[in-house]
Amino acid sequence: MGPPQPDFTNDVGLRSWVPVAEGSDFPVQNLPFGVFRHRRRARVGVAIGDYVLDLARLQEEGLLGGIPLPRRVFARNNLNRFLALGRSVWRAVRHRLCELLIENRWRSKVELALLPMAEVELLLPISPGDYVDFYASLHHATNMGRILRPNQEPLPPQWRWLPIGYHGRSATVVISGTPVVRPRGQVATANGPVLVPTRMLDFELEVGFVTGPGNALGEPIPVGEAWDHIFGLLLVNDWSARDIQAWEYVPLGPFLGKSFLTSVSPWVVTLEALAPFLVPLNPQDPPPLPHLADPRPLTYDVHLEVALSVGGQEQVITRTNLRHLYWSFPQMLAHATSNGALTRPGDLWATGTVSGPEPGSCGCLMELTWRGQRPLLLLDGSQRTFLEDGDTVIMRGWCEGEVQPRIGLGEVRGTVLPTP
Ligand code: MN
């Protein structure tokens, strides 16, 4: 079955009657799903240009007829119910929305469900029952190994045999814009541990995938069927306190150094919208065991960048691309369920920090500054090893081709506030 392939909704020539600025993240070929609040009511919408289309209103008006949708499935504060319906329904809704937004004959009715994005509050799009973070970038894992274990083999022995991951805290997955309060934690010093605000606050540039239909308890999702479970992608910032993490993480992995906050972007970009940007995964050596052998080893060509805004002045501090990942999304999902563990609609899976092969193509400050040994010089003349109070981190992701219109993931941002 594999990932969705391009169809008429990806056509370069499509134009909506909704005005969309050149270079917008959200042309009619994108139509990402999110959740917004307007007049105190939360509902599901899709983004087009600078507008949000209210899908609950469209359904009430009968404009989504003929698609097997439960009543009021979009009059909710998360996408989970819709995600449970699976790809054939997701695709039918996308096809209908594309027609409604292209054909002038629908305009007078559909316009009633269109709201300026500036007038709504964007909410967390999913209610994740579970959140897993992987470690799927070879370049990131290699750099971290060199930093943390300088005289040893950088990759742990299992790294090329399975996509390493840990279970994060789904309750602290928050929407872009949520302040990042500098956490307190236990940190090692020469005189023993102390409880202090972290001095090594970092970001991690990641891409998350959101899953729909889950499995039955005890039944692994086969790698060849895993694409059918994946709805779309969003941006994830896995905020990390490196000093807390360093003291706590052996042998059971990250805990309080990560669980204080994980920020996500508001719009989930569907695999259908990303179809023109499928690219082959880099070759894997050694070949994975049969249950992880991906029959279609693919990923997406998604440009990623991190900008730091200090005193109102913004500068890009790193760039990379999702195509550099070592493990594919189906391999991550197959591995995570290979023991029969349950997944449910709305679950969130993140790639782990995405770094690339080029020097400086690093998805976190730990790597960019080599654990603080090589400070970044900022435009205002100041230096950064780790984040300071008042800093704003902005992550962006987008696909672009020579012909294809830009398909943006939007952005995820957060400003660091001092420990109260
Ligand atoms: Mn991470």
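Considering only residues in the range 223-241 that are open to solvent by less than 10 Å² (accessible area, probe 1.4 Å) and touching a helix residue (DSSP H, G or I) at 6+ places or on another chain (Cβ under 9 Å), the one that is farthest from the ligand (Cβ to nearest atom) turns out to be W227. Out of the residues in the range 146-170 meeting the condition of being farther than 26 Å from L348 by Cα and in a helix (DSSP H, G or I), tell me which one is farthest from the ligand (Cβ to nearest atom). The extreme case among them is R146.
Pull up the range 2-20, narrow it to residues that are under 23 Å from the mean Cα position of the chain (by Cα) and assigned to a loop (DSSP other than H, G, I, E, B), then point me to the one that is nearest to R296 (Cα to Cα). Checked the range 2-20; the qualifying residue nearest to R296 (Cα to Cα) is G2. Among the residues of the range 107-122, is there at least one that is within 22 Å of A246 (Cα to Cα) and open to solvent by 40 Å² or more (accessible area, probe 1.4 Å)? Scanning the range 107-122, I find no residue that is within 22 Å of A246 (Cα to Cα) and open to solvent by 40 Å² or more (accessible area, probe 1.4 Å), so the answer is no. Residues considered: T369, T337, T385, T353. Of these, the only one that is closer than 16 Å to A241 by Cα and out of contact with any strand residue (DSSP E or B) (no Cβ under 7 Å at 6 or more places or on another chain) is T385. Checking each residue in the range 52-82 for being open to solvent by 70 Å² or more (accessible area, probe 1.4 Å) and closer than 17 Å to L100 by Cβ picks out R57, E60, E61, G66.
At least 1 residues being touching an Asp or Glu at 6+ places or on another chain (Cβ under 7 Å) and open to solvent by 20 Å² or more (accessible area, probe 1.4 Å) is the threshold, and among the strands (runs of 3 or more DSSP E) wholly inside the range 310-420 those reaching it are 313-321, 392-399, 407-417. Being of a type in the set (S, T, Y) and within 16 Å of the ligand (Cβ to nearest atom) is the requirement here; does T178 meet it? Against the criterion (of a type in the set (S, T, Y) and within 16 Å of the ligand (Cβ to nearest atom)), T178 does not qualify.
Residues in the range 194-222 that are hydroxyl-bearing (S, T, Y) and within 16 Å of the ligand (Cβ to nearest atom): 1 in all.
Okay, residues lined up against (1) at pLDDT 95 or above; (2) among the β-branched types (V, I, T):
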residue: G218; (1), (2): yes, no
residue: P222; (1), (2): yes, no
residue: A226; (1), (2): yes, no
residue: H229; (1), (2): yes, no
residue: V236; (1), (2): yes, yes
residue: S240; (1), (2): yes, no
residue: D243; (1), (2): yes, no
residue: V250; (1), (2): no, yes
residue: G253; (1), (2): no, no
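Of the conditions (1) touching a strand residue (DSSP E or B) at 6+ places or on another chain (Cβ under 7 Å); (2) exposed (fewer than 14 other Cβ atoms within 10 Å of the Cβ), V46 clears all except one; give me its number. For V46, the failing item is (2).
Checked against the criteria, N321 counts as under 14 Å from the mean Cα position of the chain (by Cα) and farther than 23 Å from P125 by Cα. Restricting A118, A141 to residues that are more than 23 Å from F231 (Cβ to Cβ), within 16 Å of the ligand (Cβ to nearest atom), under 23 Å from the mean Cα position of the chain (by Cα) and not in a loop (DSSP other than H, G, I, E, B) narrows the list to A141.
The values are calculated or read from the model by the stated rules, or taken from the named source; none is laboratory data. From a predicted model like this one, the values you see are computed outputs, not experimental measurements. As a convention, Cβ positions derive from the backbone with ideal geometry for all residues, glycine included, and neighbour counts pool all protein chains shown. Just the protein is used for accessible areas: all its heavy atoms, side chains included, with ligands, DNA and RNA removed. Shrake-Rupley method; radii C 1.70, N 1.55, O 1.52, S 1.80 Å.
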